[in-house]
1. Checking P71 against (1) within 14 Å of the ligand (Cβ to nearest atom); (2) under 20 Å from S38 (Cα atoms): exactly one of these is not met. Which one?
2. Which of the residues belonging to segment 164-180 are within 16 Å of the ligand (Cβ to nearest atom), closer than 30 Å to E36 by Cα and open to solvent by less than 60 Å² (accessible area, probe 1.4 Å)?
3. Of the residues L53, L42, which is farther than 21 Å from T175 by Cβ and either under 15 Å from the mean Cα position of the chain (by Cα) or at pLDDT 95 or above (or both)?
4. Give the residue, chosen from A183, A161, A125, that is open to solvent by less than 10 Å² (accessible area, probe 1.4 Å), touching a Phe, Trp or Tyr at 6+ places or on another chain (Cβ under 9 Å) and under 17 Å from T76 (Cα atoms).
5. Take the residues in segment 17-39 that are more than 20 Å from Y174 (Cα to Cα) and touching a residue at least 40 places away in the same chain (Cβ under 8 Å), then tell me which one is farthest from the chain's Cα centre (by Cα).
6. Under 9 Å between Cβ atoms, which residue pairs at least 6 apart in sequence (or on different chains) link something in segment 113-141 that is under 14 Å from K152 (Cα atoms) and assigned to a strand (DSSP E or B) with a partner that is more than 10 Å from the ligand (Cβ to nearest atom) and open to solvent by 10 Å² or more (accessible area, probe 1.4 Å)?
7. Test C138 against the criterion of being hydrophobic (A, V, I, L, M, F, W, C), farther than 18 Å from L42 by Cβ and open to solvent by less than 10 Å² (accessible area, probe 1.4 Å), and give yes or no.
Amino acid sequence: MKSRLDRYLALLLEANARFNLTAVREPEEIRVRHFEDSLRLLEAEAFAGKRVLDVGSGAGFPGLVLKFAEPGVRLTLLDATGKKVRFLQSVCGALGLSGVACVHGRAEELGHDTAFRERFDVVTARGVAALPALCEVCLPFVRAGGVFLAMKETPENFSGAGRFGGAQEAPFLYTLSDGRSHAVCRFRKTAPTPPEFPRTWAKIKNQPGS
Ligand code: SAH
C-alpha cells in the first residue's frame, strides 16, 4: 500500500501544479490531512468486500485511499466537477486499480437513478456540504441496514435523518498525528428513503432538512 500512496502523492502534486485540486499542498500535510485522515475511517467501519460510494470525492478522499487499504472494496467515486473525475480516472489507470468506477454527476440527481439508489453498503462523504444536506443526498444511496459516514471536524447531530430513512448512531472520534481532532458522524439506513428525496439542490439549500 505504501508505494501506491507514494505514487498517488506524486500524481496529486503534479496535477496540483497544473490546476487547483487540493488546498493542502505540502507533501507531509497531504500525508496527514488527506491520507491518514481517510485511513482512520477503517476504524469506524469494516470495509472489506463492500460496495462503497464516496460522494464528492474531489481528488479522492476518502474513497481512493480506502481502496488502497482494502483492495476488495467495490468502489464508486462520484464528483460534480469533470476535471476532478478525469484526475481520478487517470490515477486509477496509472496505478492499475480495478473495481473502481469514477462517475461525473450530481448526487441529488443520481440518487433517483435505480442503478445507484439503495445500492451501496457504505456511503462516505468528507467536506461536501452541511450535515442535513448531506443526509438528504447520501442516505438514498444506502441499502437497508447499510451506513452513511460523514467525516466532520467535530461531532454533529442531525435529528431529521429519519425523514430520509436514517437513524444517527454514536460518532467515531479520533485525533490525527498532527493533533487535530475529527469525527465520523454515523447514520444507519433503517427504512427506504421516500421517493421525493433527494430534492433539487436549490430546494435543499433553501430549506435544509425540511
Ligand atoms: N471529499 C474531498 C473533496 C471535498 S470538496 C475531500 O475531502 O478532500 C467537495 C467536492 O464535492 C467537490 O469536488 C465538489 O465538486 C463535490 N460536490 C459538491 N456538491 C456535489 C454534489 N451535489 N454532487 C456531487 N459532487 C458534489
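The values are calculated or read from the model by the stated rules, or taken from the named source; none is laboratory data. Owing to the predicted nature of the structure, the values given are computational and were not obtained by experimental measurement. Here the Cβ positions follow ideal geometry from the backbone for every residue, glycine too, while neighbour counts run over all protein chains shown. Accessible surface areas use protein heavy atoms only, side chains included; no ligands, DNA or RNA. Shrake-Rupley method; radii C 1.70, N 1.55, O 1.52, S 1.80 Å.
1. Every condition holds for P71 apart from (1).
2. Within segment 164-180, Y174, L176 meet the criteria.
3. The conditions single out L53.
4. Of the residues listed, the single one that is open to solvent by less than 10 Å² (accessible area, probe 1.4 Å), touching a Phe, Trp or Tyr at 6+ places or on another chain (Cβ under 9 Å) and under 17 Å from T76 (Cα atoms) is A125.
5. F19
6. T124/E45; R126/K152
7. Yes.
One line per residue, one yes/no per condition, for (1) acidic (D, E); (2) away from the ligand (no atom under 12 Å from the Cβ); (3) modelled with pLDDT of 95 or more; (4) touching a Pro at 6+ places or on another chain (Cβ under 8 Å):
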{"residue": "R106", "(1), (2), (3), (4)": "no, no, yes, no"}
{"residue": "L110", "(1), (2), (3), (4)": "no, no, yes, no"}
{"residue": "R117", "(1), (2), (3), (4)": "no, yes, yes, yes"}
{"residue": "P132", "(1), (2), (3), (4)": "no, yes, yes, yes"}
{"residue": "A144", "(1), (2), (3), (4)": "no, yes, yes, yes"}
{"residue": "N157", "(1), (2), (3), (4)": "no, yes, yes, no"}
